[in-house]
Amino acid sequence: MANLNKCPQCGYTGLKPSGGLCPKCGARVKSRNASPPFFVRKGFYIPFLVLLIIGGGISYLFFTSEDVATELRQIRQPMPNRFFVGIDVSATISTDTLEKLKDAVTDRLRNFIGDASVSYRILTFGNPGCAEQSLHTIVSAQSPDDPVTFGWQVEEKIREIRVTKIAPRDTTPLTTPFYHFLETVLPERSGGRVIIFSDLMNDDSDCPRQFIFPEAAIEAFGADKNGEIIFLYPTPHLTGNTELNRRTLARQQEFIDHMKTLGSQGKVRVFFHHIPDDPLERLSFIKSELKNAIPATAFDVIWERTSKVFNTIVSAVRG
């Protein structure tokens, strides 16, 4: 039996008319069971509106947030193949954290064995002495051709890295020339990937010359948007003195805030990742962050770019 219909003009409720026209007044009669067109269904509008809002939000941030705009532009950046790793070995660094970092760096660089297009340099700072004396190059080479060469040329040298300790009678100053390290390294690595492990504390007070925050060197490095600085930082060494701990944490945060301000102004691409205080979580965290910082496959690169864009957008929204 044909469906009953009601004419919206004259109220006719007879059998469904042929052609959809009311036999009484000629108006079009819609079937009660007729489905609404696709474009007027609620199921279409909801995801469409969500996509529209997301797209509009990203577009707004692109024009109002320089760091978001920079990361969106870098999505098509070539796979990085020059890596620099700076490692803080000053006396306040946790030996456990340093050992786990060494394991993670070695495992990551092992992925490039046989790839002559990849080069890396590993440098430590916080060794005994001031300024240049405190900087020691550990490895500086193209990725080796085979595992044996990698073992003695890279792995063994990384294993020898130790937290700085000196004999009681040694008068060589123990320093953390963090600012001098940045001022020296960054201008040489423009356009490269710089990964730095440090508690972000600068201490060269026992040296004849003290260095200030190297803003000019950071901006010079940041002029090439292919370059970026990635900080893996632990909680700084704390004591039983509450006031001293408060000042130490404030110093660390001051450096982070200063760098993030430069990043939000588009002057440098910089990222901070806090290493967990729980020793059981450190190794997996460091390995995960180094997988992003030193990508070895196309999938690693896609995941890294997506993560950076997402995290930058979240940071911009939070303000």
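Comparison of 91, 104 shows that the only residue that is among the small types (Gly, Ala, Ser) and not in a helix (DSSP H, G or I) is 91. If you go through region 85-113 and keep only what is open to solvent by 50 Å² or more (accessible area, probe 1.4 Å) and touching a residue at least 12 places away in the same chain (Cβ under 8 Å), you end up with 91, 92, 95, 96, 103, 107, 110, 111. I'd like to verify a number: residues in region 235-247 that are of a type in the set (Asp, Glu) and buried (at least 16 other Cβ atoms within 10 Å of the Cβ), how many? So the answer is 0. Within region 171-200, the only residue that satisfies the criterion of being among the hydrophobic types (A, V, I, L, M, F, W, C) and open to solvent by 20 Å² or more (accessible area, probe 1.4 Å) is 174. Restricting attention to region 121-160, the residues that are on the phi < 0 side of the Ramachandran plot, open to solvent by less than 10 Å² (accessible area, probe 1.4 Å) and not in a helix (DSSP H, G or I) total 7. I'm checking my understanding of the structure. Among residues of region 248-306 that are basic (Lys, Arg) and closer than 23 Å to residue 95 by Cα, which one is most open to solvent (accessible area, probe 1.4 Å)? Of everything passing the filter in region 248-306, 251 is most open to solvent (accessible area, probe 1.4 Å).
The values are calculated or read from the model by the stated rules, or taken from the named source; none is laboratory data. It should be emphasised that the depicted structure is a prediction, and the values quoted were computed from it without experimental measurement. Cβ sites come from the backbone with ideal geometry, for glycine too, and all protein chains shown count toward neighbours. Side chains included, ligands, DNA and RNA excluded: accessible areas come from the protein's heavy atoms. Shrake-Rupley method; radii C 1.70, N 1.55, O 1.52, S 1.80 Å.
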